[in-house]
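What follows draws every value from the coordinates through simple rules; no lab data is involved. Quick caveat: nothing in here was measured; it's all calculated off a predicted structure. Because the Cβ atoms are built from the backbone with ideal geometry, glycine has one as well, and the counts that use them run over all protein chains shown.
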Amino acid sequence: MKAPERKPTRPRKGDAPQEPADAAALRVTSRAAVQINRTVIDQAWRQRGEGVRQVIRDARCRGLALVVHPTAMVWRFDYRPRGTDPNTGKRWGNSSLILGEPATMTADAARLAAQAIKGQVAEGKDPARERRQAIAQAQQDRATTLGRLAEEYAAIVPKRAKLRGTGIASPAHVANELRALRNALAEMQATELPAADLKPPIVRRMLAEHGAHPAAARARFGALSRFCDWLVDDDRIPANPCARITRSGRPKPPASRTHFLSVPDLAQLWTAAANLPALHRDFLWLLIAIPCRRGEAASLDWRHLDLQEGIWTQPGKLTKNREPHVFFLHPLVLALLRARHASSGAAASGLVFTAPRSGRAITTWRQAKADLDEAAGLDGWRLHDTRRSFATAVAGAGIPEAVADAVLNHRQSATRAGVLGVYQQAARLPEQRAAMERWGDLLATALRRGVFRKRRGIAVARTWTD
């Protein structure tokens, strides 16, 4: 059975016309120059042969030819660029350009296109070379879209050293960084944009859309700028477009939070927390009793605790500044942890605060805090405020600021930065112990005195600490 006749293939929209991939393997035959018209084209198509490439030159336009392959026909224009090769002193070799197909381009249209190319050659240009360069650049652009580069960057960020501080960024920091970057690219509609096409006006429009949300704008801008710095370092783009955003056009940092809770307020929260589930109750009590960060409390492991000596030793990989730290445990928090240790079956290792469903570190807190706000009659506070509350209270009790900073494991503070931070490396552990004991006394005194009032009709009871 005879195979059905194939029609000339048509280029897809946006593609440059091309000869078939197997064109070089065909036997070439040539005909005398004729004035090519529709009749010549149809006849040439009917006479095409398997394994043969037929070249029919046009008598009206020198250099223009109809090239007939077994499965396709194309218009081709041959020319020789002007000038000579500076290395050999000889004229440049012949070049060819595929103009289109007879199915979509008439003979007259092909002649007009050929005449236009002749004009470019007369000006010293080489259209074939320019087209090859344009195709190569288009392929490079498709391979270096911001979305594809962001995925490459995502594999690198976890291994890069932090720009501030020391060590490698934590998984949580990496996740936040990549989330902000992807949000920025999505809002700029730049995921499929070649990296070289990311310009300052695009970044400015993204920032303008977040005028009412400066924190979100700052997170996106910072992540995008660090991503572009990597692109510059890796020679993907010549310059960081974010660097061309003037200082006045960049999102302003949010005002530092100054809210803190008084010792009576903390005691009130402590008592109100007695009505929470044991997991959330003990978690809040620990954050009140020890001025640690929420993430540090969530990752607390029984291996880090010495309940006999009253010491919590934090490995450097779990602290914000990646430096080991020690918390001294006063009697109030020791009673809490010993009770929890007993309920765990005196576990030697494992998380102190384990989420009941996932078995991982506790992460749910929103609903518990809402219940606590209602029970205590307090609002507008955050878990991190307990650290600020500690510093404020012990300063009022006569503890030096440098000691309080050491307890908080601050590295960038005024008492531990600059030249002082370089030369003053003493941990001041005895003074830290004394500060923690003073803090425990303040909390215990407030609880014993019953500095509680009825809030919203809920009577506050004495706690197990009495």
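Miscellaneous remarks
- When the range 23-139 is described by a simple charge dipole with +1 on each Lys and Arg Cβ and -1 on each Asp and Glu Cβ, the residue from Gly119, Thr29, Trp45 located farthest towards its positive end is Thr29.
- Computing FRET efficiency as 1/(1 + (r/R0)^6) for His213 and Ser96, where r is the C-beta to C-beta distance and R0 is 51 Å, gives about 0.35.
- Signed unit charges on C-beta, dipole axis of the range 23-139, positive-most listed residue Asn94, Ala109, Gln133: Asn94
- Potential lengthening of the chain between Leu378 and Gln308 amounts to 21.7 nm, from the contour at 0.36 nm per residue minus the alpha-carbon distance.
- In this structure, Leu112 and Thr88 have a Cβ-Cβ separation that, at R0 = 30 Å, corresponds to a calculated FRET efficiency of about 0.30.
- For the range 196-205, backbone phi angles converted through the Karplus equation (6.51, -1.76, 1.60; θ = phi - 60°) give residue-by-residue couplings of 5, 8, 6, 10, x, x, 5, 5, 4, 5 Hz, Gly and Pro being listed as x.
- Length gained when the stretch Arg160-Ser358 is fully extended (0.36 nm per residue, less Cα-Cα span): 68.3 nm
- More than 25 angstrom apart: percent of Cα pairs within the range 23-139: 29 percent
- For the range 37-76, a simple Cβ point-charge model (Lys and Arg +1, Asp and Glu -1, everything else neutral) yields a dipole of about 160 debye relative to the Cα centre.
- The residues neighbouring Gln115, those whose beta-carbon lies less than 13 Å from its own, together hold a net charge of +2 under the Lys/Arg +1, Asp/Glu -1 convention.
- Computed about its Cα centre, the charge dipole of the range 263-448 is approximately 520 debye, with only Lys, Arg, Asp and Glu carrying charge at their Cβ.
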